[in-house]
Each structure stands twice: as structure tokens, then as C-alpha cells.
Amino acid sequence: MASSSTSPCAACKFLRRKCQPECVFAPYFPPDQPQKFANVHKVFGASNVTKLLNELQPSQREDAVNSLAYEAEMRLRDPVYGCVGVISFLQQRLRQLQRDLSCAKSELSKYQNLGITGHAGLIAAAAAAANTTTTHHQTLTWGSI
């Protein structure tokens, strides 16, 4: 067994085989994480993962297993998009936040261009702009509401 415990690694336990000292799975699939290997096996297959790990440098294997485990979990949660769905969602959210930030910077720039300094100047500018408020969603004219 490659691990220091007496239990076989999660992979060998799942595959119902004896965990050998040179087991390529043992460092990455500890006995207390059986679902991690079950997901990877279901999506990629134990044979493919063995081949992949044996082709990598030992220093690269942990990152590869973590990536495989994440991709397998996401593929099981979302069989159509997998982790690409999460990536797309996060990219879309990032673009929206960048647009919001751009609008906020633009609005801040308007106040700075008016030469507003301090709290009193901000209150005066807000009072002057009380008839029309522009946001990134819409333009509201308070008199028309």
C-alpha cells in the first residue's frame, strides 16, 4: 500500500483489489474520500486515469487528479455542460460586473468634473441633480413618476 494506513486507498477499495505499495492512486485518493474516486472512475475510467497519471511527472499528478475530480463532479452535476457551464456563468458575471464598474466610474467622473469636494459639495450636487437620476439600468425623471 502506498499510504501509511492499513486501509486500501479509495480507488483500490472501489475496484476491489489489493492496494500495492506502488499504487499510483493511493497518494491522491485516500480511503476517507471514496466518492472522489467513484466520480473520476465513472466519468473517465480507472484505466484512462492510470495511463494519464503514469505519463505525468510525479510533481504534476496532484494537480491533474484535482482537476479530474472537479471536472468529473461537474460533469455528473451537469451532464450537458459540465465545468464549462460554470466557466461561462462566471465569465458572464465578470462582464456584467465590469460594465457596472464602468458605469460607476463614469458617474464618479461626472461629479469630479463638476469640481465637487467634500460632503457639502456632494449634497449640493445631489440636490441639483434631483430631477434626473441616471443608472446603468434606466434613466428616471422624478417629475414623470
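Any read-out appearing in this document is the output of simple, stated calculations on the displayed coordinates, not a laboratory observation. In this text the structure is predicted, and so the values were computed from the model without any measurement. In this analysis, Cβ positions are derived from the backbone assuming ideal geometry, glycine residues included, and neighbour counts consider all displayed protein chains.
Pick out, from 70, 15, 60, the residue whose Cα sits farthest towards the positive end of the charge dipole of region 10-77, with +1 on the Cβ of Lys and Arg and -1 on the Cβ of Asp and Glu.
15
From the phi of every residue in region 10-22, what ³J(HN,Hα) in whole Hz does the Karplus formula 6.51 cos²θ - 1.76 cosθ + 1.60 yield, where θ is phi - 60° and glycine or proline is x?
With coefficients 6.51, -1.76 and 1.60, one gets 4, 5, 5, 5, 4, 7, 6, 9, 6, 7, 7, x, 9 Hz.
If each residue of separation counts as 0.36 nm, what is the full-extension length gain between residue 33 and residue 100 once their alpha-carbon separation is subtracted?
20.0 nm
Mind giving me the FRET efficiency for residue 77 and residue 44? R0 is 22 Å, r the Cβ-Cβ distance, nearest 0.05 is fine.
Result of the calculation: an efficiency of 0.90.
Normalised by the number of residues in region 1-95, what is the relative contact order in percent for Cα pairs under 8 Å and 6+ residues apart?
21 percent
So what's the net charge close to residue 100: Lys and Arg +1, Asp and Glu -1, counting the other residues with Cβ under 13 Å from its Cβ?
Net local charge, residue 100 excluded: +3.
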